[in-house]
Amino acid sequence: MAKTVYTAALVGCGRIGYSLGLDKKREQPASHTMALNGNDRIKLIAGCDTDPEKLRTWHAANKGCNVFTSSTDLYASCHPDIITVAVNEAFHKEEALKAMAAKPKLLILEKPVALNTAEAREIAALSARTSVPVLINHERRFAEDYKLAKKYMEQIGEIQSISATLCSSMCVYNPEEESTGAYSLIHDGTHLVDAVEFFLNDAPLEHPVVTGIWRDENKGVRQMNAHFTTGKCPDVSISISGRSKFFSFEIIITGTLGRICLGNGFLKLYKRGESPFYTGFYSLLADKTVHVPKRTLYFANMVQNAVDFLDGTAALLSTVQIGLQDLAVLEEIKSVLL
């Protein structure tokens, strides 16, 4: 029996919506367009962007789709099964609410859920009222390397510490960008917090002790560390720097019997073994028995999760409730930075 092909529409044809899929250095698919087009159970039928040039570029590559400069016009003309919203954070609430009012079978919403928890609660509330489920693109939850790392945690004993670090040149927090979300605490820090909570089975991070705050000459926060204690791990550290001349995203999980080091482009697994350096001691040795996947499939797996959910064979792996929890952590950190 032929399987259902689900129709989809994309709102937002910019970087994450389309153009990152043209980056030859990135693992592909790296954008919503390429991931939707790459799944044979989905038919992309429409695209929308308020920028005419971005829309023209997108349409040239997706000639069979209808295009719109207004999502209102899109929903008046099309009734897709899946609506993907990939606009800037400042417009997440507006476009998510409009999308759910159109009653798709599923809304895929780019991270973070919204600019703040108040807006995110509005999205969650309308999702409940309209019975439109929301899948948040916290991409690392779908990545093969992160899934392997989480499973490997069973091999490294009791978890002693989790250290998550983000380095970039983007300001960690700038109150002047509150209405745009153009600061790394929310832009990439969302991924950092969500990844840590993923490894903690979504146990909430609460009551941070924030240290190491460094501000620039304009009083923008350029560096900070937030420390948490949870039932599963007594020492959780989230460090974000906006002073770096490079970009890195790294998580180190240390247990009583081993360690996991992973980040953008690498996964290294270590287990306790007889030390080659010291007689009578044990050291951490690279575990060469585990096959580390060459491709993470982070975007493709996210879209496949959407298909599996609509088929009724899987739950959503990244829900609006999880995204709301992530935002609550970021806001608690931000309250100390103000």
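The values are calculated or read from the model by the stated rules, or taken from the named source; none is laboratory data. Treat the numbers as computed from the prediction; the structure is a model and nothing was measured. As a convention, Cβ positions derive from the backbone with ideal geometry for all residues, glycine included, and neighbour counts pool all protein chains shown. Heads up: the accessible areas ignore ligands, DNA and RNA and are worked out on the full protein's heavy atoms, side chains in. Shrake-Rupley method; radii C 1.70, N 1.55, O 1.52, S 1.80 Å.
Numbers for the structure displayed
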read-out: Rounded, prolate or oblate (a/c below 1.5 giving rounded, otherwise prolate when a/b exceeds b/c) for the range 1-141 by Cα gyration tensor; value: rounded
read-out: From phi via Karplus (6.51, -1.76, 1.60), per-residue ³J(HN,Hα) for the range 78-94 in Hz, x at Gly/Pro; value: 10, 10, x, 5, 10, 10, 9, 10, 10, 9, 4, 3, 4, 10, 4, 4, 4
read-out: Dipole in debye (nearest 20) - the range 145-268, about Cα centre, beta carbon charges: Lys, Arg +1; Asp, Glu -1; value: 420
read-out: Student exercise, the chain dipole from Lys, Arg, Asp, Glu Cβ charges, in Debye to nearest 20; value: 920
read-out: Straight-distance crosslink candidates among lysines, where the alpha carbon sits under 28 Å from residue 245 and sequence neighbours closer than 8 are dropped; value: 24, 25, 111, 219, 268, 294, 334
read-out: Segment residue 202-residue 274, length gained on full extension (0.36 nm per residue, minus Cα span); value: 22.5 nm
read-out: Per-residue ³J(HN,Hα) for the range 45-62, Karplus 6.51 cos²θ - 1.76 cosθ + 1.60, θ = phi - 60°, Hz, x for Gly and Pro; value: 10, 7, x, 9, 7, 7, 8, x, 5, 4, 5, 5, 4, 5, 5, 4, 8, 9
read-out: GluC sites (Glu not before Pro), loop per DSSP, at most 16 other Cβ atoms within 10 Å - longest free stretch of the chain; value: 28-157
read-out: Pair residue 216, residue 40: separation of 7 Å Cα→Cβ label points (nm); value: 4.9
read-out: Overall form of the range 76-192 per C-alpha gyration tensor (a/c, 1.5; a/b vs b/c); value: oblate
read-out: Neighbourhood net charge (14 Å Cβ-Cβ; Lys/Arg +1, Asp/Glu -1) for residue 335; value: -3
read-out: Efficiency of FRET between residue 2 and residue 105 - r from beta-carbon atoms, R0 22 angstrom, step 0.05; value: 0.75
read-out: Pairs of alpha carbons in the range 236-338 whose separation is greater than 20 Å (percent); value: 66
read-out: Long-range HN-HN contacts of residue 210 with modeled amide H, under 5 Å; value: 227
read-out: Full-extension gain in nm, residue 90 to residue 243, via 0.36 nm per residue minus C-alpha separation; value: 52.6 nm
read-out: Rounded FRET efficiency, nearest 0.05, which uses the C-beta distance separating residue 313 from residue 129 and R0 of 25 Å; value: 0.45
read-out: Top positive-direction residue, dipole computed over the range 184-338 with Cβ charges, set 327, 289, 277; value: 277
read-out: Charge dipole (the chain, unit charges on Cβ, about Cα centre) - positive-most of 138, 242, 72; value: 138
read-out: Contour excess over end-to-end distance, with Cα ends at residue 169 and residue 50 and 0.36 nm allotted per residue; value: 40.0 nm
read-out: Total charge dipole magnitude, the range 108-177, about the Cα centre, Cβ charges on Lys, Arg, Asp, Glu only, Debye to nearest 20; value: 300
read-out: Surface share of carbon and sulfur [accessible, 1.4 angstrom probe, percent] for the chain; value: 52
read-out: Amide H contacts under 5 Å for residue 6, placed H, 5+ residues apart; value: 42, 43
